[in-house]
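Asker: Below you'll find the structure I mean.
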Amino acid sequence: MNAAGVLGMNQMLMRRVYESGAGAVVSKSIGPEPRVGHENPTFINLGYGGLNAMGLPNPGVEHFAEEARQLTASGIPLVASFFGSTVEDFVRVARALDAAGADALELNGSCPNVAEEMGMLAADPENLRMVTWEVKRSVSKPLFVKLSPNVTDIGEVAKAAEEGGADAITAVNTLKGMVINPDFKKPVLTNRTGGLSGPALKPVALRCVWEIYQSVGIPIVGCGGVSTGRDAVEYFLAGASAVQIGTAVMHRGVKVFREVCGGIEEYMSREGFTEVGELVGLAHG
């Protein structure tokens, strides 16, 4: 899949992702109302990854629901990412996306670049359990919960999401960081801090998947620095059943989806595996 925030704003972009080899598409995180996000600059290419502080720009659920209907009507599997600043917001947006035909929902409780009370929901296990439960009982579709690496014990947080009724865990969102320009003597991003993604995040995200696999009994979607089939296989071995690709799309285009799938197939053929499920968690012994 594509990661939330990458080519997920409208049905035309998501259709392009699917036709390029993704097994399903993930929308931009959608909120209750339209949101502009932060002022530029909002992204820095670091070479070893990217640092972004977009601020969750999105067209709002009312507008996006029509995009979702058009996409799913053509049979393309859609995971609709969503967020809110209150429990009521989370529930309202989830219900609307469910009704619009999304095949699954991804609760984004882990954005490090917004100031609202729920912006870092995934840092509080009890609140995450409660919000997950409220959303889960309000929708009919499978519910993923996307977690943050910016926590002390991600296994505990994942367990809270599972206890709240989550059907799967997406791990992980970006790692909070910053860059300062020595010439201007100021942070580069308007928001000052941003989320680190890409290859630099991969060792952290892989460790998170490993710890979550040891803590829960529901599937995990790995996310962070996947750009090759070998990267994806590492996530499977750590415990993920699927992966999402984000920063690599910016550098290599949508062809990366088919290339990663091909790399997975080559590895499995060489090592004698017939399905991905045989790889999941294998590194745990």
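The values are calculated or read from the model by the stated rules, or taken from the named source; none is laboratory data. Please read these numbers as outputs of a predicted model, since none were measured by experiment. As a convention, Cβ positions derive from the backbone with ideal geometry for all residues, glycine included, and neighbour counts pool all protein chains shown.
Asker: Give the number of residues within segment 168-219 that are assigned to a strand (DSSP E or B) and among the charged types (D, E, K, R).
Answerer: Residues meeting the conditions: 2.
Asker: Let me ask something else. Which of the following residues is in contact with an Asp or Glu (Cβ under 9 Å, 6 or more places away or on another chain) and at pLDDT 95 or above: Gly222, Gly262?
Answerer: Values: Gly262 fails: in contact with an Asp or Glu (Cβ under 9 Å, 6 or more places away or on another chain).
Matching residue, one of Gly222, Gly262: Gly222.
Asker: Please find, within segment 157-191, the residue that is surrounded by the most Cβ atoms within 10 Å (Cβ to Cβ) out of those that are within 16 Å of Asn40 (Cα to Cα) and in contact (Cβ under 8 Å) with a residue 24 or more places away in the chain.
Answerer: This residue is Leu189.
Asker: Of all residues in segment 9-25, which are closer than 23 Å to Pro142 by Cβ, hydroxyl-bearing (Ser, Thr, Tyr) and touching a residue at least 60 places away in the same chain (Cβ under 8 Å)?
Answerer: Of everything in segment 9-25, nothing turns out to be closer than 23 Å to Pro142 by Cβ, hydroxyl-bearing (Ser, Thr, Tyr) and touching a residue at least 60 places away in the same chain (Cβ under 8 Å).
Asker: Is there a residue being in contact (Cβ under 8 Å) with a residue 12 or more places away in the chain, surrounded by 21 or more Cβ atoms within 10 Å (Cβ to Cβ) and over 18 Å from the mean Cα position of the chain (by Cα) anywhere in segment 265-284?
Answerer: Scanning segment 265-284 turns up at least one residue that is in contact (Cβ under 8 Å) with a residue 12 or more places away in the chain, surrounded by 21 or more Cβ atoms within 10 Å (Cβ to Cβ) and over 18 Å from the mean Cα position of the chain (by Cα).
Asker: Identify, please: which residue in segment 17-31 is in contact with a strand residue (DSSP E or B) (Cβ under 9 Å, 6 or more places away or on another chain) and of a type outside the set (A, V, I, L, M) and is, among those, farthest from Asp103 (Cα to Cα)?
Answerer: Gly31
Asker: Of (1) part of a loop (DSSP other than H, G, I, E, B); (2) free of Cβ contacts under 8 Å to residues at least 60 places away in the same chain, Ala80 satisfies all except one. Which?
Answerer: (1)
Asker: Oh, and also: Let me confirm something: among Ala94, Ala65, Ala99, which residue is of a type in the set (Gly, Ala, Ser) and either in contact with a Phe, Trp or Tyr (Cβ under 7 Å, 6 or more places away or on another chain) or under 23 Å from Gly222 (Cβ atoms) (or both)?
Answerer: Ala94
Asker: Taking the options Ala80, Ala100, Ala168, name whichever one is at pLDDT 95 or above, within 17 Å of Val25 (Cα to Cα) and touching a Ser or Thr at 6+ places or on another chain (Cβ under 6 Å).
Answerer: Ala80
Asker: Take the residues in segment 140-195 that are of a type in the set (A, V, I, L, M, F, W, C) and more than 20 Å from the chain's Cα centre (by Cα); name whichever of them is farthest from Phe82 (Cα to Cα).
Answerer: Phe184
Asker: With the structure loaded, tell me whether Glu66 is part of a helix (DSSP H, G or I), more than 30 Å from Val260 (Cβ to Cβ) and of a type in the set (Asp, Glu) or whether it fails that test.
Answerer: Yes.
Asker: Residue by residue through segment 34-45, note down the ones that are surrounded by 15 or more Cβ atoms within 10 Å (Cβ to Cβ) and either in contact with a helix residue (DSSP H, G or I) (Cβ under 7 Å, 6 or more places away or on another chain) or among the charged types (D, E, K, R) (or both).
Answerer: The answer is Arg35, and nothing else.
Asker: Answer with yes or no whether Ser197 is of a type in the set (S, T, N, Q), crowded, with 24+ Cβ neighbours inside 10 Å, in contact with a helix residue (DSSP H, G or I) (Cβ under 6 Å, 6 or more places away or on another chain) and in contact (Cβ under 8 Å) with a residue 12 or more places away in the chain.
Answerer: yes
Asker: Residue by residue through segment 14-29, note down the ones that are more than 18 Å from Val221 (Cα to Cα) and either among the aromatic types (Phe, Trp, Tyr) or under 15 Å from the mean Cα position of the chain (by Cα) (or both). If you could, list the steps in order and put the result at the bottom.
Answerer: Within segment 14-29, the first condition is being more than 18 Å from Val221 (Cα to Cα), and the residues that meet it are 14-16, 19-20.
Listed by number, the list holds a single entry, Met14.
Asker: A further question follows. I'd like the residue in segment 109-158 that is more than 20 Å from Arg207 (Cβ to Cβ), part of a loop (DSSP other than H, G, I, E, B) and among the hydrophobic types (A, V, I, L, M, F, W, C) and, out of all such residues, is modelled with the lowest pLDDT.
Answerer: Among residues in segment 109-158 that are more than 20 Å from Arg207 (Cβ to Cβ), part of a loop (DSSP other than H, G, I, E, B) and among the hydrophobic types (A, V, I, L, M, F, W, C), the one modelled with the lowest pLDDT is Met118.
Asker: Which of the numbered conditions does Leu7 fail, given that it passes all the others? Conditions: (1) farther than 29 Å from Ile180 by Cβ; (2) in contact with a Ser or Thr (Cβ under 7 Å, 6 or more places away or on another chain); (3) assigned to a loop (DSSP other than H, G, I, E, B).
Answerer: It fails just one condition, (2).
Asker: Now a separate question. Given the criteria assigned to a helix (DSSP H, G or I), closer than 16 Å to Val276 by Cα and touching a strand residue (DSSP E or B) at 6+ places or on another chain (Cβ under 7 Å), does Ala232 qualify?
Answerer: Numbers: assigned to a helix (DSSP H, G or I): yes; closer than 16 Å to Val276 by Cα: yes; touching a strand residue (DSSP E or B) at 6+ places or on another chain (Cβ under 7 Å): yes.
The answer is yes for Ala232.
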